[in-house]
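Notes follow once the structure below has been shown.
The values are calculated or read from the model by the stated rules, or taken from the named source; none is laboratory data. These numbers come from a predicted model, not from an experiment. Cβ atoms come from the backbone with ideal geometry, glycine included; neighbour counts cover every protein chain shown. Just so you know, the surface numbers come from the protein's heavy atoms only, side chains and all, with ligands and any DNA or RNA stripped out. Shrake-Rupley method; radii C 1.70, N 1.55, O 1.52, S 1.80 Å.
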Amino acid sequence: RKEVEQDPGPFNVPEGATVAFNCTYSNSASQSFFWYRQDCRKEPKLLMSVYSSGNEDGRFTAQLNRASQYISLLIRDSKLSDSATYLCAVNVGSTGANNLFFGTGTRLTVIP
Amino acid sequence: GAVVSQHPSWVICKSGTSVKIECRSLDFQATTMFWYRQFPKQSLMLMATSNEGSKATYEQGVEKDKFLINHASLTLSTLTVTSAHPEDSSFYICSARTKNEQYFGPGTRLTVT
């Protein structure tokens, strides 16, 4: 079983729509959770960390559900510039450990 | 934010040759750097963890004699793909950690002909 599973999409949504991605992880000992954004042929860039209490950054909201072992990313009022692949990442182990596992990424296209 | 650079950004080489990719942390010291590989439409797969002053730790299925890693200083790690084959063509990305965040280099696109 993969450490991290993600629906690859693609998600095609109109501008202004709200879209949500989920990502499940298999290791209950996972300690840190992240969402990355990757544009075509570019490296991933950290979008936001995911905290236990949930966190919001502008139009983006990240949530963690430890009981069900999933994290989510909600994007409100989608912009054309949000089109990208969104990768979830899970860190198993203590700070400084290298066990950062990535999902396959979910491709989002925002349509005018 | 922290900056990680990679060189070269792309390279084309002939089958059987070796290619060296450099990864530098520009504004912080990184005792640990990571090397990932990403095939088209697939996720990043961790290849190895590069530790300054010691041997790299390779993930299962990654040949350490084929992918040579050297982390000679706190700001530089190199990955050498030896005797490259067309199936090694991929996007190689390094990253380094600072505090609790991990930053990625811009990646190196390797094409082996």
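Data table
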item	result
Yes/no for B:Cys23 being farther than 24 Å from A:Lys45 by Cα and modelled with pLDDT of 90 or more	no
Elements of type strands (runs of 3 or more DSSP E) contained in the stretch B:1-94, each with 3 or more residues being touching a strand residue (DSSP E or B) at 6+ places or on another chain (Cβ under 6 Å) and among the basic types (Lys, Arg)	none
Residue in the stretch B:47-63 that is in contact with a helix residue (DSSP H, G or I) (Cβ under 8 Å, 6 or more places away or on another chain), at pLDDT 90 or above and open to solvent by less than 60 Å² (accessible area, probe 1.4 Å) present	no
Which listed residue is within 12 Å of chain B (Cβ to nearest Cβ), under 12 Å from the mean Cα position of the chain (by Cα) and of a type in the set (D, E, K, R), from A:Glu43, A:Glu5	A:Glu5
Number of the exception - B:Pro8 against (1) without any contact (Cβ under 8 Å) to a residue 40 or more places away in the chain; (2) exposed (fewer than 14 other Cβ atoms within 10 Å of the Cβ); (3) away from chain A (no Cβ under 11 Å); (4) not aliphatic (A, V, I, L, M)	(1)
Among residues of the stretch A:89-112, those that are within 14 Å of chain B (Cβ to nearest Cβ) and at pLDDT 95 or above, counted	0
Index of the failed condition, A:Gln69 passing every other in (1) more than 14 Å from chain B (Cβ to nearest Cβ); (2) closer than 28 Å to B:Arg109 by Cα	(2)
Filtered residues of the stretch B:95-113 (kept if in a loop (DSSP other than H, G, I, E, B), within 18 Å of A:Trp35 (Cα to Cα) and more than 7 Å from every other protein chain (Cβ to nearest Cβ))	B:Lys99
Inter-residue pairs, beta-carbon under 8 Å, first under 15 Å from A:Ser72 (Cβ atoms) and in the stretch A:18-37, second among the acidic types (Asp, Glu), 6+ apart	A:Thr18/A:Asp77; A:Phe21/A:Asp7; A:Asn22/A:Asp7; A:Cys23/A:Glu5; A:Thr24/A:Glu5; A:Tyr25/A:Glu3; A:Tyr25/A:Glu5
